[in-house]
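The values are calculated or read from the model by the stated rules, or taken from the named source; none is laboratory data. What you see is a predicted model, and the numbers here were worked out from it, not measured in a lab. Quick reminder, even Gly has a Cβ in these numbers, built from the backbone with ideal geometry, and neighbours come from all protein chains shown.
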């Protein structure tokens, strides 16, 4: 398999259904109640189908964290200043950000990517993939050009290819970008066809006045670009991403597409990551089959997105940290489930009749 050009026409292959059924049969033969580990069994079966083998391998894993600035912060929709994006991205590179601390505990590497930080942020562990120094203020102009959007998407897909060649078998999605709960809320409203008021949250902690301004800005932008539509075509999803999205979101769309192209499971994190997942599926139907949901973010749009994708996260902990931290939480749970899955202590081993499905 060769690297894919995301702008070319292609068909996303379905994961191997026979492998998924074989993995389920393996679960059913283990000496425990049927479906005893619930969604964890389902996730292991999904990963098996994606990897094309019942010998599930997730031992080498990483968070791909897309870092980018958003011009919409000019409109007073955030509590923090734009300089925080670079600060946290560099903390990721240094291994001291929250996601890094959690990743170290769970055996997950962190790959921070400068895909659109507004200033010059440099560190040996920060991948320099800058498409542009941030996006435009989408209240005044489209967030990015089509060329910038596709370059960011291609970057994400290429990173999945590159790191798969290095032995990584599963990726979580992460991000850092002041203002990206505004971009993600705008996209969620357009892609779900839901009112702005129902999908827009406080982000990192806006006041009532700040939240009101955030909703006002999003509403104006959706009207400006004609993004209030009930028919979500691939072309419409592309327009939404270009006009009110972010380079971090576009990069994550590429990560999801890379997962689908190269048969690698991709774990969804919080609202920004979830919006990117929804956009990827709307632009390239079938991409969702390669996604694993981790948690239900505190942001209000998350439930609508998960419902639209037909996915059910396993963690509902009122999380809102970002960076990929919610996705990282899933890996130790998958490790524990795999210990049971691989143990092969079957009903035959303990000379007890196997449970049957009715």
Scanning segment 187-206 for residues that are in a helix (DSSP H, G or I), buried (at least 24 other Cβ atoms within 10 Å of the Cβ) and over 17 Å from the mean Cα position of the chain (by Cα) gives 189, 190, 199
Residues in segment 310-346 that are under 16 Å from residue 36 (Cα atoms), surrounded by fewer than 17 Cβ atoms within 10 Å (Cβ to Cβ) and touching a strand residue (DSSP E or B) at 6+ places or on another chain (Cβ under 8 Å) total 4
Counting only residues that are at pLDDT below 95, touching a helix residue (DSSP H, G or I) at 6+ places or on another chain (Cβ under 7 Å) and over 22 Å from residue 348 (Cβ atoms), segment 10-45 contains a total of 1
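Residues checked against (1) under 26 Å from residue 233 (Cβ atoms); (2) surrounded by 18 or more Cβ atoms within 10 Å (Cβ to Cβ):
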position	(1), (2)
274	yes, yes
278	yes, yes
284	yes, yes
294	no, yes
301	yes, yes
304	yes, yes
307	yes, no
Restricting attention to segment 208-241, the residues that are touching a residue at least 60 places away in the same chain (Cβ under 8 Å) and either under 16 Å from residue 139 (Cβ atoms) or assigned to a loop (DSSP other than H, G, I, E, B) (or both) number exactly 8
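Take segment 242-253 and flag every residue that is in a helix (DSSP H, G or I) and over 16 Å from residue 285 (Cβ atoms). Break it down stepwise before answering.
In the first step, residues of segment 242-253 are kept if they are in a helix (DSSP H, G or I); the result is 242-244, 247-253.
Answer for segment 242-253, where residues must be in a helix (DSSP H, G or I) and over 16 Å from residue 285 (Cβ atoms): 242, 243, 244, 247, 248, 249, 250, 251, 252.
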